[in-house]
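The values are calculated or read from the model by the stated rules, or taken from the named source; none is laboratory data. Remember, predicted model here, so these are calculated numbers, not experimental data. Note: ideal-geometry Cβ built from the backbone for every residue, glycine included; neighbour counts use all protein chains shown.
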Amino acid sequence: MGVMEPTLVRVPKCASTLGIAVEGGANTRQPLPRIATIQKGGCAHISGQLRVGQVILEVNGVSLKGMEHRDATRVIAEAFKTKDKDYVDFLIAEIN
Amino acid sequence: REKRLTLPPSEITLL
């Protein structure tokens with residue numbers, strides 16, 4: 001699997017939803033969570049930096065590697081929900 | 001490779 005250089009993307013919590021659909025996780029055909037769609041009006045869409053097809057390596061510094069889908073999506077959801085930060089940091093990568 | 005082919009597809013979660 002060719003992973004291109006990771007990029008840190010900071011998405012501000014500027015809307016009521018993050019607005020991404022994520023597929024994949026450990027023990028599936030897509031072992032790292034991949035952005036499947038981006039919903040109009042969500043934070044990801046408004047900030048304009050995330051792209052469909054990118055994989056998410058880390059969320060707020062927490063590695064998603066080896067996490068199953070349910071746990072990885074829980075990490076993302078909790079990063080969005082926490083009031084400690086008004087943004088979510090994604091370490092993302094393009095896949096060849 | 002064979003193992004990869006037998007892995008199930010993932011569900012999709014909207015966040």
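Condition first: surrounded by 16 or more Cβ atoms within 10 Å (Cβ to Cβ) and either farther than 20 Å from A:C14 by Cβ or modelled with pLDDT under 95 (or both). Now tell me which residues in region A:69-90 satisfy that.
Listed by number, the residues that qualify are A:H69, A:A72, A:T73, A:V75.
Only residues that are surrounded by 18 or more Cβ atoms within 10 Å (Cβ to Cβ), more than 8 Å from chain B (Cβ to nearest Cβ) and in a loop (DSSP other than H, G, I, E, B): list them for region A:1-30, please.
A:K13, A:A26 - these are the residues of region A:1-30 that are surrounded by 18 or more Cβ atoms within 10 Å (Cβ to Cβ), more than 8 Å from chain B (Cβ to nearest Cβ) and in a loop (DSSP other than H, G, I, E, B).
Looking at region A:31-55, which of the residues that are more than 10 Å from chain B (Cβ to nearest Cβ) and among the polar types (S, T, N, Q) is nearest to the chain's Cα centre (by Cα)?
A:Q54
Those residues that are in contact (Cβ under 8 Å) with a residue 40 or more places away in the chain and in a helix (DSSP H, G or I), I need them from region A:44-76; list them, please.
A:H69, A:R70, A:D71, A:A72, A:T73, A:I76
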